[in-house]
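The values are calculated or read from the model by the stated rules, or taken from the named source; none is laboratory data. Please read these numbers as outputs of a predicted model, since none were measured by experiment. Note that we place each Cβ from the backbone using ideal geometry, even for glycine, and neighbour counts take in every protein chain shown. Only protein heavy atoms, including side chains, enter the accessible area calculation; ligands, DNA and RNA are left aside. Shrake-Rupley method; radii C 1.70, N 1.55, O 1.52, S 1.80 Å.
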Amino acid sequence: MNLNQVTVPSLDLERSIPFYEKLGLKLIVKSLPHYARFECPDGKSTFSIHLTDELPKGEGIYVYFECEDLDQKVEDLIKLGIEFYMKPKNQPWLWREARLKDVDGNLIILYYAGDNRLNPPWKIN
């Protein structure tokens, strides 16, 4: 099995599409007003947004995008007007993370984990 895509809800795709394009995703399907799909710049995964009348309650959705050049990527995105509520920070789980929210409040985490992504010291053998 291979993960194809993750889809998150949006109240307004016209606002969401430019946000994800600024993050560096390439728009490959634009079926307004209901659906848009993006190609990730690395790997073969895609990411999509779909129109909804109501957003999830509580903490909602977390989406992780790995970036080898995390600190530079965050600096570049800030220059494009993207706001982070947590700039790159080393985490106890051995990942370096930066956090922001999309226009609908979905949590987006840009991170770099290297080998620790799949092989942390506490991995079950």
Residue by residue through region 77-88, which ³J(HN,Hα) values in whole Hz follow from phi under the Karplus form 6.51 cos²θ - 1.76 cosθ + 1.60 (θ = phi - 60°), with glycine and proline marked x?
5, 4, 5, 8, x, 7, 9, 9, 9, 9, 6, x
Highest-MSF residue in the chain out of LYS73, LYS44, LYS89 [GNM, Cα springs under 10 Å]:
LYS44
With label points set 7 Å from each Cα along the Cα-to-Cβ direction at LEU3 and LEU107, the distance between them in nm comes to 1.5
Mind checking region 48-125 for GluC sites (Glu not before Pro) that DSSP puts in a loop (not H, G, I, E or B) and that have at most 15 other Cβ atoms within 10 Å?
GLU54, GLU59, GLU68, GLU83
Please state the relative contact order of the chain as a whole percent: Cα pairs under 8 Å, 6+ residues apart?
23
Once you charge only the Cβ atoms, +1 for Lys and Arg and -1 for Asp and Glu, what is the size of the charge dipole of region 1-124 about its Cα centre, to the nearest 20 debye?
180
Please find the FRET efficiency linking GLN91 to GLU21, where r is the Cβ-Cβ separation and R0 is fixed at 30 Å, and quote it to the nearest 0.05.
0.60
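From the convex hull of the Cα coordinates of the chain, what is the mean projected area in square nanometres? If you can, show how the numbers build up before the last one.
Values: hull surface 35.2 nm².
If I average the Cα hull's projected area over directions, I get 8.8 nm².
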Report the accessible area of TRP122, computed with a 1.4 Å probe over the heavy atoms of all protein chains in place, in Å² rounded to the nearest 10.
140
Probe of 1.4 angstrom, ligands and nucleic acids ignored: what's the accessible area per residue over region 2-59, in square angstrom?
62
Work out the FRET efficiency for TRP122 and GLU54 from their Cβ-Cβ distance, taking R0 = 41 Å, and round it to the nearest 0.05.
0.60
Estimated FRET transfer efficiency when R0 is 30 angstrom, pair ASP115-ASP12 (beta carbons, to 0.05)
0.15
Partner lysines whose C-alpha sits under 28 Å from that of LYS73, ignoring same-chain residues fewer than 8 away, are LYS22, LYS26, LYS30, LYS44, LYS87, LYS89, LYS101
